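Working notes, beginning with the structure itself.
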Amino acid sequence: MKRPGIRAKTKKKFKATPNSKHNMPVAPNILNRDFTPNSPNKAWAGDITYVWTREGWLYLAVVLDLFSRKVVGWSMDSTLSRDLLAHAPKMAMRARQPGAGLVSHSDRGSQYASKDFRSLLKLYEMVCSMSRKGNCWDNSVVESFFGTLKQEQVYFCDYATREEAIRSIFEWTHGWYNCERIHCFFGNMSPEAYERKSVTA
């Protein structure tokens, strides 16, 4: 491997990001690790991670449809602003237009427990669900997505600017992950192909 300059893609240690030490309301874990809804737009899961660039941190918020693991909403910004968190579900709502009662699952970090985010879910008639305290497995689908993104793309890039990182993450997510990257969970189909097959069926 050394002679041709090949490097193995390795995992990095998990680092928790949510701030769950707050006095804001916390929703029950309605999802309860049921990561296999029987159709799209029944349960979404969201989370936030961060990516280093030479300009500083870039924060990424995503929304995944748990039926297909497809990224249906995303937002990136230089700060953990209220707009960062709100833009991802707003994008997903515009693209998917689900009915009332969709479960929106997240960790119990202060951003997701905030009045602004709870008001947004109420506006869209979504049901709020939160992981149990200190239990990353309750939102493991999104944690797995972030791990895949970083191990296959981010850790092998030296981003000079946040704009460069945004383009790279967008192209990987929408050009590769959603449309091309196969998942053994879906019989070696991409999220996009799996959804198309389910609609046809």
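Since every read-out is calculated from the coordinates, none of them should be taken as a lab result. All figures in this text were calculated on a predicted structure; none of them were measured in a lab. FYI the Cβ positions are ideal-geometry reconstructions off the backbone, even for glycines, and counts take in every protein chain you see.
Only Lys, Arg, Asp and Glu carry charge here, each on its Cβ (+1 for the first two, -1 for the last two); on that basis segment 43-200 has a dipole of about 500 debye about its Cα centre. Specify which labelled value, from (1) 51, 38, 29; (2) 56, 44, 29; (3) 55, 50, 36, agrees with Cα extents along the principal axes in Å derived from the coordinates of the model shown. The value computed from this structure is option (2). Distance between the pseudo-spin-label points of S140 and E180 (7 Å out from Cα toward the beta carbon): 2.9 nm.
Modelled this way, with points 7 Å down the Cα-to-C-beta line, the labels at R196 and R96 are 2.0 nm from one another. Shown is the FRET efficiency for T79 and D158, computed with R0 = 22 Å from the Cβ-Cβ distance and rounded to the nearest 0.05: 0.50. Among residues other than K115 with Cβ under 13 Å from its Cβ, the summed charge is +2 (Lys and Arg +1, Asp and Glu -1). Each helix, a run of at least 4 DSSP H residues, gives -39500 (n - 2.57); summed and divided by the residues of the chain, these come to -9000 deg cm²/dmol at 222 nm. Segment 113-179 and segment 37-70 have their alpha-carbon centroids 2 Å apart.
Here the relative contact order of segment 43-200, from alpha carbon pairs under 8 Å that lie six or more residues apart, stands at 23 percent. When DSSP assigns beta bridges and you keep just the ones with both residues in the chain, what percent turn out antiparallel, to the nearest 5? Expressed as a percentage, antiparallel bridges in the chain total about 70. Under a Cβ-Cβ cut-off of 10 Å, what is the net charge of the residues other than D47 that fall near it, where Lys and Arg count +1 and Asp and Glu count -1? That sum, taken over residues with Cβ under 10 Å, equals -2.
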